[in-house]
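Read through the structure below, which is laid out as structure tokens, and then see the notes.
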Amino acid sequence: DVILFIDELHTIVGAGGASGSLDASNMFKPALSRGELQCIGATTLDEYRQYIEKDGALERRFQKIMVDPPSPEEAIEILNGLKDRYEQHHHVKYTDEAIIASVKLSERYISDRYLPDKAIDVLDEAGARVHLANIVVPKEITQLEEEIKEVRKEKDRVIKDQEFEQAAVLRDKEKRLNRKLEAAKRKWREQEDQIFSTVSEDDIADVVAMMTGIPVRRVAQSETEKILKIEDVLKKRIVGQDNVIKLLSKAIRRTRAGLKDPNRPIGSFIFLGPTGVGKTQLAKELAKYLFEKDDALIRLDMSEYMEKFSVSRLTGAPPGYVGYEEGGQLTEKVRRHPYSVVLFDEIEKAHPDVFNILLQILDDGQLTDGLGRKVDFKNTILIMTSNAGAREIKKSGGFGFSNDPESIDFDKMKGKILDEVKRLFNPEFINRLDEIVIFRSLTRDSMDAIVDIVIREMLDKVADREIDITLTKGAKEFLIDKGFDEKYGARPLKRVIQKFIEDPIAEEILKGKFADGSVIQVKRKGDGLEYVEVERRELKKNKEKKDGDASASSAEEETKEINN
């Protein structure tokens, strides 16, 4: 009448076995073959293959039944059946939305585990977090604890002074306070038992975000708004590439509207165009805007993967090779930060085998690392940058900049670049990309905005010193004249700003001419620039400190007057 259930069945193989004696699995075999024992065992496929399949006699005595993970609908039913127990345990109430969210979000974002286990874990963790967050210790209890602490301190002091009568009085007082504290705690626990906090969909999202590193709550709520605004925000940060930003925004919106294959990455793009026009910068700005964190950009410089043998560094060394346990440079980073932008910089410099590895990511949104683990790329944006066709653009008459944007036939240039891309990359690789994005040459008109962006970045570095720098129109023209280079894009301008703005101002700060709070105006003077301090503001932190000291001293004076 008894059915024996053995969890982790593989552990009985070899258990208790010593030389010349039987192990647990061999003791089981006669009883199982005679039908004296009804037994159900549970184990994983890997451990079944490793332990039980090797023992053919033991394997024959068990009927093998494959248990597949339930569907999301079945998992919701399982959770509804379990929720009463978790509600009693954590003193919470789960809403129907929370139950559904725990299944849907865990199914989407926790890829290395199965339902219902991962959904139950999320439900359990959310209940514990909500319960702990709502525990507020009554003031009465904290006051009693403080009193007991003071009485003990006083008691220790009088014992040292050998005032034993006083010590006995304090001992009785301590006992009385302890009884009072126990009664207060008992009353508080009884009250807590009656209070059931509610676990909402947002609480579930917070737990999934904590477990995966993916900001699920923000994805669920404000991402729609963010995706709609993406074009306007990126246009402020990347100059002269409105068409590129439009293409990129459309592809991301399509994906987020649910009109794309959910098993593929959010987006996969290859950025093509001249050097110095903002290809890498756009990837950085996109990561910063969408994910709001610095480590959201996983950057791989493909010039490090030029040899055939270096390709294995992406996924990790194969078994038997040095570094097998360490994991791959791409797969490990994505496992730790599954919600990120992956930038393959200068992709054309990589060995052709790298493109073959990327096919699996572009098509199925996953990659198997050297240890045999599936790494999920479904929540990543893949961006590849390349200078393919740059020489063709140069031959066409424009490279990086052009005085007259209409002078270059963009469609003709695009055709030449695409021909070069088809020569460099395999058709199956090109066919899997969402968009091939071609950057236009920058114009001189764009330079004014680029100067503003670079100066703003420089001011951000000294924000704590509250130094402000303004440039006159003449100063900007001077920088643009010096930084204009039709071959190298916007990078020379950064070097010019470093030479004519950063270096001289740094020198003046060290000499003491400029200080914290200085407002510096830069204007043109002959063949150079002049740096003038317009005003020196009082630092906010010093002002706040003064205000705080003044209010403290006035309060002190008032107290003295009252005492008098």
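The values are calculated or read from the model by the stated rules, or taken from the named source; none is laboratory data. Remember, it's a predicted structure, so these values are computed and weren't measured experimentally. Note that each Cβ is placed from the backbone with ideal geometry, even for glycine, and that neighbours are counted across all protein chains shown.
You will find that of 314, 282, 300, the residue that is modelled with pLDDT of 80 or more and either outside any helix (DSSP H, G or I) or assigned by the TED database to the domain that holds residue 453 (or both) is 300 and no other. Of everything listed in (1) of a type in the set (Asp, Glu); (2) at pLDDT 85 or above; (3) under 30 Å from residue 264 (Cα atoms); (4) assigned to a helix (DSSP H, G or I), the single unmet condition for residue 68 is (4). Annotation note: of 227, 252, 214, the sole residue that is modelled with pLDDT under 80, aliphatic (A, V, I, L, M) and in a loop (DSSP other than H, G, I, E, B) is 214. Out of 502, 457, one residue alone is closer than 27 Å to residue 241 by Cβ, among the charged types (D, E, K, R), within 37 Å of the chain's Cα centre (by Cα) and loosely packed, with under 13 Cβ neighbours inside 10 Å. It is 457. From the list 309, 271, 291, the one residue that fits, being under 27 Å from residue 420 (Cα atoms) and crowded, with 19+ Cβ neighbours inside 10 Å, is 271. Pairs linking a residue in segment 302-319 that is more than 15 Å from residue 347 (Cα to Cα) to a residue that is of a type in the set (Gly, Ala, Ser) and exposed (fewer than 15 other Cβ atoms within 10 Å of the Cβ), with Cβ atoms under 8 Å and 6 or more positions apart or on different chains, are 316/323; 317/323.
Can you find a residue in segment 336-351 that is among the aliphatic types (A, V, I, L, M), outside any strand (DSSP E or B) and modelled with pLDDT under 80? No, segment 336-351 has no match at all.
Among the residues here, residue 452 does not qualify as surrounded by fewer than 17 Cβ atoms within 10 Å (Cβ to Cβ), over 33 Å from the mean Cα position of the chain (by Cα) and at pLDDT below 80. Could you tell me whether segment 76-98 includes any residue that is hydroxyl-bearing (Ser, Thr, Tyr) and part of a strand (DSSP E or B)? Yes; the residues of segment 76-98 include at least one that is hydroxyl-bearing (Ser, Thr, Tyr) and part of a strand (DSSP E or B).
Identify the residue in segment 106-146 that is in a helix (DSSP H, G or I) and in contact with a strand residue (DSSP E or B) (Cβ under 6 Å, 6 or more places away or on another chain) and, among all such residues, is nearest to residue 368 (Cα to Cα). The extreme case among them is 126.
Comparison of 120, 148, 204 shows that the only residue that is surrounded by 16 or more Cβ atoms within 10 Å (Cβ to Cβ), of a type in the set (A, V, I, L, M), more than 30 Å from residue 72 (Cα to Cα) and assigned by the TED database to the domain that holds residue 75 is 148. Going by the conditions given, is residue 395 modelled with pLDDT under 80 and of a type outside the set (Ser, Thr, Tyr)? Against the criterion (modelled with pLDDT under 80 and of a type outside the set (Ser, Thr, Tyr)), residue 395 qualifies.
For (1) closer than 30 Å to residue 33 by Cβ; (2) surrounded by 16 or more Cβ atoms within 10 Å (Cβ to Cβ); (3) touching a helix residue (DSSP H, G or I) at 6+ places or on another chain (Cβ under 6 Å); (4) of a type in the set (Phe, Trp, Tyr), each residue gets a yes or a no:
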site	(1), (2), (3), (4)
70	no, yes, no, no
75	no, yes, yes, no
96	no, no, no, no
99	no, yes, yes, no
109	no, yes, yes, yes
132	no, no, no, no
142	no, no, no, no
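Among the residues of segment 130-181, those identified as touching an Asp or Glu at 6+ places or on another chain (Cβ under 8 Å) and farther than 30 Å from residue 207 by Cβ are 148, 151, 152, 155, 170, 177, 181. The set of residues from segment 479-530 being closer than 30 Å to residue 387 by Cα, among the aliphatic types (A, V, I, L, M) and in contact with a strand residue (DSSP E or B) (Cβ under 9 Å, 6 or more places away or on another chain) comprises 479, 490. Checking 151, 130 one by one, the residue that is touching a Lys or Arg at 6+ places or on another chain (Cβ under 6 Å) and of a type in the set (Val, Ile, Thr) is 151 and no other.
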